[in-house]
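Below is one structure, written out as structure tokens; the observations come after it.
The values are calculated or read from the model by the stated rules, or taken from the named source; none is laboratory data. Quick caveat: nothing in here was measured; it's all calculated off a predicted structure. Cβ placement follows ideal geometry from the backbone for every residue including glycine, while neighbour counts extend to all protein chains displayed.
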Amino acid sequence: MTLIKSISGIRGTIGGTPGNNLTPIDAVKFAAAYGTWLKNDRSKDTYRVVVGRDARISGSMIQELVMNTLIGLGINVIDLGLSTTPTVEIAVPMEHADGGIILTASHNPKQWNALKLLNHKGEFLNGANGEKILKIAESEAMTFAEVDDLGKITKNDAYIDLHIDEVLDLELVDVDAIKAAKFKVVVDGVNSTGGIAIPRLLDRLDVIPVELYCEPNGEFPHNPEPLKEHLGDICELVVKEDADFGIVVDPDVDRLAFIDETGEMFGEEYTLVACADYVLSEKRGNTVSNLSSSRALRDITRKHGGEYFASAVGEVNVVQKMKDEQAVIGGEGNGGIIYPDSHYGRDSLVGTALFLSHLAKGNMTVSQLKASYPAYFMSKQKIQLTPELDVDALLEAMAKKYANEDISTIDGVKIDFENHWVHLRKSNTEPIIRIYTEAGSQIDADNAANDMIAQIREVAGI
């Protein structure tokens, strides 16, 4: 069992003991630390925080604990109930709120949950503010409101529809072209809130949705990370239903993957590539993704006359780099689309609408679209951490070993070889080292990853 405290929030497994797992005590403690930081940071007479959750089994319990802690601090709460991460992000500025909390462990299995923390812009907190919250939690320097000053909870279940309205109003979402195409699409909502939001979006676009695992009961029917090895059911159903393609989202709907009309993975790395290709064809500009994302985005960006930039892994880092470089689109290779014309957050609803617009206006199949892009293949592997393993020393040793190559150390160690790259980094959300590689064939990518894992084990003596 695990509890991970980081600048991006608190994530852990349900049950167990305080300080070692995400127990009710830990949920209250960190909600109180966030609320205390918010009051210190904003210095106002009244405060409002938007709270929403995915459909995982522990969500209702954790949300009630968090919301009642906030009202105990004298903070008013807008309760979105079942929602998505991007929906909460959009709701914060629309409500003129001071911040937001999303109760979701994203792609982690059902025993996990987390508090994801937002600022008044509906964006994830930066490192400095995250550190302040961790210090407040550690010191327990919190003062709660007296009885006449307690906050209030207001329920609002309209925001998924308001989110969809906002998506359909985007200039590059061609509603008429999508409606005319008469698409039929299978949706795997992994029995979470994507099963509410994505079919509702498709209905508004006259797309016929075939629902698979769209009951938001939190009983994940497969590993909720949208990777090929977990998606056999939707791949079969796309072919059986003679659908145009399939859509897969993770439990909080900020990661997006597609299945082509033949039942093959489009590739989560190519979600961002395809959406960027469409946006750049309509609007010249720069792009950003993190160091672990495919070279294909760089190639597509240059084809359209823009410049590509890489950031450290983590949504807040991608967003900051996008702002610095005035990127017109960006995101992460795990299927996260960040489109500033909407908001600075990964958003599968926006990604779905842009992808549908691209297909409709290009009059092509999903497999034809994939064939038009540079062919890169990735291997994503990991090594479980043990308490005695000095990860920083290990990464430093690997950087020294390849000092003559093109190396980046802004986030772990990325080694760019001529025909492939390798990225080694400690995960922010799990007790693992991630080993990502990319090459011109799957065999080469897998071999590069296996070779690097063997070298790491040799250096670490494990």
Completion exercise
When (1) of a type in the set (S, T, N, Q); (2) within 18 Å of Val51 (Cβ to Cβ); (3) at pLDDT 95 or above are applied to Ser106, the one that fails is (3)
Practice task
Return yes or no: is Ser372 of a type outside the set (Val, Ile, Thr), under 25 Å from Ala243 (Cβ atoms) and out of contact with any strand residue (DSSP E or B) (no Cβ under 8 Å at 6 or more places or on another chain)?
Solution key: yes
Problem - Residue list for the range 171-193, restricted to those being more than 30 Å from His230 (Cβ to Cβ) and either among the β-branched types (Val, Ile, Thr) or touching a residue at least 40 places away in the same chain (Cβ under 8 Å) (or both) - result: Glu171, Leu172, Asp174, Val175, Ala177, Ala180
Exercise for the section: State whether the residues of the range 220-232 include one that is assigned to a strand (DSSP E or B) and modelled with pLDDT of 95 or more. Expected result: no
Exercise for the section: Using the structure shown, decide if Glu388 is in a helix (DSSP H, G or I) and over 29 Å from Gly189 (Cα atoms). Expected result: no
Practice task
Report whether or not Gly412 is outside the structural domain of Asn334 (by TED's automatic domain parsing), on the phi > 0 side of the Ramachandran plot and not aromatic (Phe, Trp, Tyr).
Solution key: yes
Problem - Residue satisfying all of: in the range 109-140; aliphatic (A, V, I, L, M) and out of contact with any strand residue (DSSP E or B) (no Cβ under 8 Å at 6 or more places or on another chain); modelled with the lowest pLDDT among these - result: Ala128
Fill in the blank from the handout: When the range 290-310 is checked residue by residue, the ones that are free of Cβ contacts under 8 Å to residues at least 60 places away in the same chain and small (Gly, Ala, Ser) are Ser293, Gly305, Gly306
Completion exercise
Selection from the range 423-462 of residues under 26 Å from the mean Cα position of the chain (by Cα) and among the basic types (Lys, Arg) yields Arg425, Lys426, Arg434
Exercise for the section: Hey, can you tell me all the residues within the range 35-50 that are over 14 Å from Gly72 (Cβ atoms) and modelled with pLDDT of 95 or more? Expected result: Trp37, Thr46, Arg48, Val50
Practice task
Please work out if Asn217 is modelled with pLDDT of 95 or more, surrounded by 20 or more Cβ atoms within 10 Å (Cβ to Cβ), in the same structural domain as Asp244 (by TED's automatic domain parsing) and in a loop (DSSP other than H, G, I, E, B).
Solution key: no
Handout entry: Residue match in the range 448-462 (condition: surrounded by 15 or more Cβ atoms within 10 Å (Cβ to Cβ), among the charged types (D, E, K, R) and outside any loop (DSSP other than H, G, I, E, B))
Key = no
